[in-house]
Amino acid sequence: MRGILLIVRRSLRQHLFSTTITVLSIALASGLTMSVFSIQSQSREAFTGGDLGFDAVVGARGSQLQLVLNTVFHLETSPGNIPWTLYTELRDKYPGVELAIPYATGDNYMGNRIVGSTPEIFTKFEYKKGRKYAILEGGRPFDEGYAEAVIGSVVSEQTGLKLGDTFNPFHGIYFDPNARHPEEYTVVGIMDTTNTPSDRVIWIPIEGIFRMTGHVLRGTGEQFTADAVAAIPDAHKEVSAVMLKLKSPQVGWQLDQMINKQGKVATLAHPIGTVMLDLFNKVGWVNRILELVAYLVVFVSAAAITASIYNTINERKREFAILRALGARRRTVFSAIVVESACIAALGSLCGFVCYGAILLVAAQVVRQQTGVVLNATTLHPSLYLTPLGMVLLGALSGVIPAIRAYSTDVAENLAPHS
Amino acid sequence: MNLLEIEQLRKGFRAPTGEQTLIVDIPAFTMTPGQHVALRGASGSGKTTFLNLIAGILKPDQGQIRLEGRDIAALSESQRDSIRANSFGYVFQTFNLLQGYTALENVTLGMMFGKGSDRAYAEQLLHKVGLADRMHYRPRQLSVGQQQRVAVARALANHPKLVLADEPTGNLDPVHAREALRLIREICAESGAALLLVSHDEGVLEQFDSCTDFLGLNRAFTGGAGG
Ligand SMILES: Nc1ncnc2c1ncn2[C@@H]1O[C@H](COP(=O)(O)OP(=O)(O)O)[C@@H](O)[C@H]1O
Ligand SMILES: [Mg+2]
């Protein structure tokens, strides 16, 4: 065995260039494979599993998926509005509803979504079991009567807004420099990082959305523009969605009956995880394609091992003959080649972790900017050990064909010098 | 007891034209332990083939090759490999050093397939052949004479009972040839190994007390082969 290891070490060094290239291609393949599986499982977990803090969302009549994407993940445009009275009804008349929080969207600041809500989002809502949104030292929740804002950590990073800074909201979900609202908001709090989509949100009092210049309320079906001083009658108010925390899943099924089956104004998305799971199952083919690409790269890199070692066999026939003349057996020479290709795969897999780290770093950055969801490279996924393991096995397998050639080297013929 | 006993040894090759030609046909040949034997033979007379048969690299068509009473010819290939790893040393005309390896590694590889590597002994051997300060040099960084001395050290690394030397001085100038031969004989004598040397170089052969004509031994080329 020591003989085999010495032979392998020397060969790897003698063919340093092709060794390096093959190791790099293995690294890429294994890094890519680990990334595809890890990102897939982490994003699935982040979007469908786990605790979102809410059990259901009520919004405009339409797609449940759009409703969930819009309210829970702050993606896509709002499908429309529902009357404020539906919110108060849900809040006050259903004992099964533990917490109802209204959401009003429609504005942004530099592309960061502005969500109008009630201070309950800070005082009562738990985004994970036992965890409320925390506001960093020096800040506080907004006061409902003032033009105040609390910004998420990603917003603070991206816009550079600090405590006490003021800004003007822009109309629409996407940033349009011409759509600037004249109202000026003051940052009174910066949220601690939650690693959830809320990190990308600017929270303001819901009243602020109602009163924003140019906003029209259609709670009664007729257009209504808020008066600067007078209170807005509840009947005119409308919200994009109401987030619900329920006392039990049964309440959800009851609401489903009432809102989705019998009602005509609104849509209830419940349970949120199931709605998202539907999405993941619908886009499952994208994942299959990514997996296929990863496997293809793995296959090509394994073929690269075979080719690079196969090419060295001819020039090494004399070496094999000499080793055999020194007493090495055929199977020793065979093993040396298989071990060599397994070693290349092992080295590649090792470097693959660097590759994986780099891919995840970039992916995590993009995903966090786009969704607020944080991917973690160190989250243990079975692919993180199965891939290197499979790679080494595949590497050993890739060595078999060259090894057979080495195995069948004729000793007497190759001991003599050849031109 | 004899170290080596050969009886009715025959080996032929299929020539490119397709016909079978007999290359080695030796009715009898023996060596005693520690004996030094030189065989004189012209190029193409089957010397290398003969040594390869003894070393178990080639399998004879017929006959017996007994090393300490055990018939090598009847053994499987891996058994012959193992005997070669443990009982034979081989010195080649072209040295056949492994290019990617240092002098020391070449010598230790000479033991790794047998009883196992013994670095101290490898160093001692390189010392003995005068390469104490060249242990970590690669073959390309050594002169031809030095390369052959590494090869000699390697051949003795596994404590062989028999050292086979195939025109070991063929690539050396007369002065170095004489020196290398003296070294081989000395080191074989010291370790008690028998030496079977084949050559066509009279300058080498005259250093042995007696010298056998290979053509007298091998009937394949003298027309004496029966049938
Ligand atoms: N594998 C082989 N196939 C066919 N002919 C061979 C083979 N090996 C050796 N020979 C022939 O056997 C003869 C003796 O070769 P060899 O033993 O190398 O002679 P020497 O070492 O005495 O010069 C040569 O004529 C050579 O062509
Ligand atoms: Mg020869």
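The values are calculated or read from the model by the stated rules, or taken from the named source; none is laboratory data. None of these values were measured; they are calculated from a predicted model. We place every Cβ from the backbone using ideal geometry, glycine too, and count neighbours over all the protein chains shown.
Observations on the structure shown:
- Residues of the stretch A:372-419 satisfying the condition of being closer than 30 Å to B:LYS59 by Cα and of a type in the set (A, V, I, L, M, F, W, C): A:VAL400, A:ILE401, A:ALA403, A:ILE404, A:ALA406, A:VAL411, A:ALA412, A:LEU415, A:ALA416
- In the stretch B:62-76 there is at least one residue that is more than 16 Å from ligand 1 (Cβ to nearest atom), β-branched (Val, Ile, Thr) and outside any strand (DSSP E or B).
- Helices (runs of 4 or more DSSP H) wholly inside the stretch A:324-419 that include at least 3 residues being away from chain B (no Cβ under 14 Å) and in contact with a Leu (Cβ under 7 Å, 6 or more places away or on another chain): A:330-371
- The stretch A:151-182, subset within 18 Å of A:VAL201 (Cβ to Cβ) and out of contact with any strand residue (DSSP E or B) (no Cβ under 9 Å at 6 or more places or on another chain), residue modelled with the highest pLDDT: A:GLY160
- The stretch B:90-106, subset in contact with a strand residue (DSSP E or B) (Cβ under 6 Å, 6 or more places away or on another chain) and part of a loop (DSSP other than H, G, I, E, B), residue nearest to the other protein chains (Cβ to nearest Cβ): B:PHE92
- A:ILE209 vs. criteria of a type in the set (A, V, I, L, M), assigned by TED's automatic domain parsing to the domain that holds A:PHE167, part of a strand (DSSP E or B) and under 33 Å from the mean Cα position of the chain (by Cα): no
- Qualifying positions in the stretch B:11-38 - within 16 Å of ligand 2 (Cβ to nearest atom) and within 14 Å of chain A (Cβ to nearest Cβ): B:LYS11, B:PHE13, B:ILE23, B:VAL24
- Selection within the stretch A:192-212 - among the aliphatic types (A, V, I, L, M) and at pLDDT 95 or above: A:ILE202, A:ILE204
- B:GLN8 passes every criterion in (1) away from chain A (no Cβ under 12 Å); (2) away from ligand 1 (no atom under 16 Å from the Cβ); (3) closer than 20 Å to B:ALA193 by Cα apart from (3).
- Residue in the stretch B:17-27 that is near ligand 1 (Cβ under 10 Å from one of its atoms), in a loop (DSSP other than H, G, I, E, B) and on the phi < 0 side of the Ramachandran plot present: no
- Some residue of the stretch B:39-60 being among the aliphatic types (A, V, I, L, M), closer than 22 Å to B:SER191 by Cα and away from every other protein chain (no Cβ under 14 Å): yes
- In the set (1) at pLDDT 95 or above; (2) more than 16 Å from the chain's Cα centre (by Cα), the condition left unmet by B:GLU19 is number (1).
- All positions within the stretch A:36-75 that are assigned to a helix (DSSP H, G or I), of a type outside the set (A, V, I, L, M) and either surrounded by fewer than 18 Cβ atoms within 10 Å (Cβ to Cβ) or modelled with pLDDT under 85 (or both): A:SER41, A:SER43, A:ARG44, A:GLU45, A:PHE47, A:THR48
- Among the conditions (1) out of contact with any Pro (no Cβ under 8 Å at 6 or more places or on another chain); (2) modelled with pLDDT of 95 or more, the only one that A:SER349 does not satisfy is (1).
- Residue count, the stretch B:39-59 (criterion: without any contact (Cβ under 8 Å) to a residue 12 or more places away in the chain and either surrounded by fewer than 21 Cβ atoms within 10 Å (Cβ to Cβ) or more than 15 Å from ligand 2 (Cβ to nearest atom) (or both)): 1
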